[in-house]
1. What's the total number of residues in segment 8-49 that are polar (S, T, N, Q) and farther than 19 Å from VAL113 by Cα?
2. Scan segment 94-101 and tell me whether some residue there is of a type in the set (D, E, K, R) and out of contact with any helix residue (DSSP H, G or I) (no Cβ under 9 Å at 6 or more places or on another chain).
3. Looking only at segment 94-110, decide whether some residue is over 27 Å from GLN43 (Cα atoms), of a type in the set (Lys, Arg), without any contact (Cβ under 8 Å) to a residue 60 or more places away in the chain and surrounded by 13 or more Cβ atoms within 10 Å (Cβ to Cβ).
4. How many residues does segment 156-186 hold that are surrounded by 10 or more Cβ atoms within 10 Å (Cβ to Cβ), assigned to a helix (DSSP H, G or I) and at pLDDT below 80?
Amino acid sequence: MRWCFVLPLPPSINHQYTERDGRWVLSHEARHYKTHLQKAFRQLKASGKLAWQVDADAPTLSSLFPDEGTPKLSPTQLFLCLRLEFFFKTPQRRDLDNGLKIVQDLVCEALGVDDRHVVQVELVKRVDPQNPRLEVTVTATSDWSFSTSSAGASAIDLRPFVPPLSPRRKTARQKLNLAEWLKQVAEQE
């Protein structure tokens, strides 16, 4: 089961966060993008356009929404594969993965699926100077196989070159003893 839609290009990760009061928060640009797409997804859901065809062998997105009248499927039984095709004005416009997280979060939120259930992501960079956009294809499956890697013996294992990080030991802070400090100051004079 597959669903495709077209989005405006998301803000780059370099423009998605800003510091406010010592914390990192979504920037005005990212909040604008996210708010308007959340509204669009809610409208799609309300109009019934978010629903997919019922397939006896696969889950349907509409089954995630209680008001759709299709058989219920727990979001924990649903796995998503995402394909994001970025169409930039130029090939060097920006990094391919800069818009992944905000779009993945939006899609998963709209579908009511925890983004931990995304099991595959494919990113593609294309050029369309006249019509920059992001084309998203969502494929849902209930029978994802979490088997071992297909790379097998041909993969070069670099794990031995990165030793485990030893846990930080909390150093005991030296407590200030005012009487002893005053005594040391008096001895130095």
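1. Residues of segment 8-49 polar (S, T, N, Q): 12, 14, 16, 18, 27, 35, 38, 43, 47.
Right, trim to farther than 19 Å from VAL113 by Cα and you get 12, 14, 16, 18, 27, 47.
Residues that pass the stated criteria total 6.
2. Step one: filter segment 94-101 for residues of a type in the set (D, E, K, R), giving 94-95, 97, 101.
Those still in the list that are out of contact with any helix residue (DSSP H, G or I) (no Cβ under 9 Å at 6 or more places or on another chain) too: none.
No, segment 94-101 has no match at all.
3. Among the residues of segment 94-110, not one is over 27 Å from GLN43 (Cα atoms), of a type in the set (Lys, Arg), without any contact (Cβ under 8 Å) to a residue 60 or more places away in the chain and surrounded by 13 or more Cβ atoms within 10 Å (Cβ to Cβ), which makes the answer no.
4. 1
The values are calculated or read from the model by the stated rules, or taken from the named source; none is laboratory data. Please read these numbers as outputs of a predicted model, since none were measured by experiment. Ideal geometry is used to build each Cβ from the backbone, glycine not excepted, and the neighbour counts take in all protein chains shown.
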